[in-house]
Amino acid sequence: MARHSGGRGWYGKVLGAALGVTMLAAGASVWTAQAGAVGSSSPKVTTSKPAVKPVDITIAHASDKGAHGVNITIDDGPDPTWTPQVLAVLREYGVKATFCMVGTQAQEYPDLVKQVVAAGHRLCDHSVSHDTTMDKKSEAYQSKEILDAEAMITKASGGVRPMYYRAPGGAFTPYSRKLAASRGMRPLGWNVDSKDFERPGVDAIVATVQQELPGGPTILFHDAGGDRSQTVEALRRVLPWLKEQGYTFGFPVR
């Protein structure tokens, strides 16, 4: 999502949940190390994971459907109230979208992640805690935010990996882009910020999309972080309008 000043309470909760996950993981690591120290002397068996194919490190904006393609992207979920409603609207109009998920949200609502995948949509890593100041943090911090979220989303989906990485608030760095791309996640930007996060009214959201679309095909909406009823209604108007204008719905290039 864009760098919004509102919604701090919700993101504070997300950050708190992320810190809790980190502390639990640290505790589990210590316990495992201690258990290993007193356990049998049997050699540790390691299994190799399938190689991940790296992708381009540049920030994607274009659509795989070409010059008249458009990409619908949905950020910050999944959310038990709003994600099902967004999925229903997308299904009604036969549209596939890219869902940029926060790691702790995916971990909490794995059934919703699986529903997104089952409906043919793509997954995107949106970090663990949605820290919009990631570009000012250490590389170690950025790495943990990106890779832990990747693992959370992949586990929640039942093994389907995210295909993109969208930095919270667009807070990319050369390091984060390179890291994500090395894990097969194309850095993902946006051209049209619908401003739905600010809840300006359905008419305003629709007007913003229509006015900004000539600037590029990737449109940003949200399915979490507060009341998203305006987003749901805006999608009901924007999706058929896009079809009427001759646009084809696609996915961001990889």
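The values are calculated or read from the model by the stated rules, or taken from the named source; none is laboratory data. Keep in mind that this is a model prediction, so the values were computed, not measured. Note: ideal-geometry Cβ built from the backbone for every residue, glycine included; neighbour counts use all protein chains shown. Only protein heavy atoms, including side chains, enter the accessible area calculation; ligands, DNA and RNA are left aside. Shrake-Rupley method; radii C 1.70, N 1.55, O 1.52, S 1.80 Å.
Distances longer than 29 Å among the Cα atoms of the stretch 39-188: what percent of all pairs is that? Kindly include the intermediate steps, with their values, before the conclusion.
Numbers: 2145 of 11175 pairs.
Of the Cα pairs, 19 percent sit more than 29 Å apart.
Rounded to the nearest 0.05, what FRET efficiency is calculated for ALA119 and ALA140 with R0 set to 35 Å and r the Cβ-Cβ distance? Working shown, then result.
Values: r = 36 Å, r/R0 = 1.02.
Plugging the Cβ-Cβ distance into 1/(1 + (r/R0)^6) gives 0.45.
Could you give the accessible area per residue of the stretch 115-245, probe 1.4 Å, as a whole number in Å²? Display every interim value, and only then the final one.
Values: 4800 Å² over 131 residues.
Heavy-atom SASA per residue in the stretch 115-245 reads 37 Å².
Which of the residue pairs LYS114/LYS136; LYS96/LYS155; LYS178/LYS243; LYS114/LYS195 have a Cα-Cα distance greater than 24 Å in the structure shown? Mind showing how you got there, number by number?
Working: LYS114/LYS136 33 Å; LYS96/LYS155 22 Å; LYS178/LYS243 35 Å; LYS114/LYS195 27 Å.
Over 24 Å apart, Cα to Cα: LYS114/LYS136; LYS178/LYS243; LYS114/LYS195.
In the stretch 233-254, which residues have a backbone nitrogen under 19 Å from the label point lying 7 Å from ASP64's Cα in the Cα-to-Cβ direction?
247-254
For the stretch 173-249 and the stretch 65-85, compute the distance between their C-alpha centroids and round to whole Å.
Their Cα centres are 7 Å away from one another.
At 1.4 Å probe size, with the rest of the protein present, what percent of the exposed accessible area of the stretch 96-254 is carbon and sulfur atoms?
On the way: 2890 of 5820 Å².
Within the stretch 96-254, the accessible surface is 50 percent carbon and sulfur.
Ranked from highest to lowest mean number of other Cβ atoms within 10 Å per residue, what is the order of the peptides 74-81, 237-244, 129-136?
Values: 74-81: 22.6, 237-244: 16.5, 129-136: 18.6.
Most protected by this proxy first, the peptides run 74-81, 129-136, 237-244.
Residue by residue, what Karplus-based ³J(HN,Hα) values in Hz, rounded to whole numbers, does the stretch 239-251 have, using 6.51, -1.76 and 1.60 with θ = phi - 60° and x for Gly and Pro?
4, x, 4, 4, 5, 4, 7, x, 6, 10, 7, x, 10
Mind giving me the FRET efficiency for LYS178 and LYS155? R0 is 25 Å, r the Cβ-Cβ distance, nearest 0.05 is fine. Walk me through the intermediate numbers first.
Details: r = 24 Å, r/R0 = 0.96.
Working from the Cβ atoms, E equals 0.55.
List the residues, sorted by chain then number, that are 5 or more residues from LEU188 or on another chain and whose placed amide H is less than 5 Å from its amide H.
ALA60, TYR165, ARG166, ALA167
May I ask for the net charge around PRO252, where only other residues with Cβ less than 9 Å from the Cβ of PRO252 are counted and Lys, Arg are +1 while Asp, Glu are -1?
Values: positive: ARG122, ARG186, ARG254; negative: ASP64.
Surrounding charge for PRO252 is +2.
Run the numbers on the stretch 91-190 and let me know its relative contact order in percent, using alpha-carbon pairs under 8 Å that are six or more apart. Numbers along the way, then the final one.
Values: 175 pairs, mean separation 29.8, N = 100.
Reported as a whole number, the value is 30 percent.
Which stretch or stretches of the stretch 48-79 have amide N atoms under 18 Å from the point lying 7 Å from GLN245's Cα along the Cα→Cβ direction?
Taking a point 7 Å out along Cα→Cβ of GLN245, the residues of the stretch 48-79 whose backbone N falls under 18 Å are 61-74.
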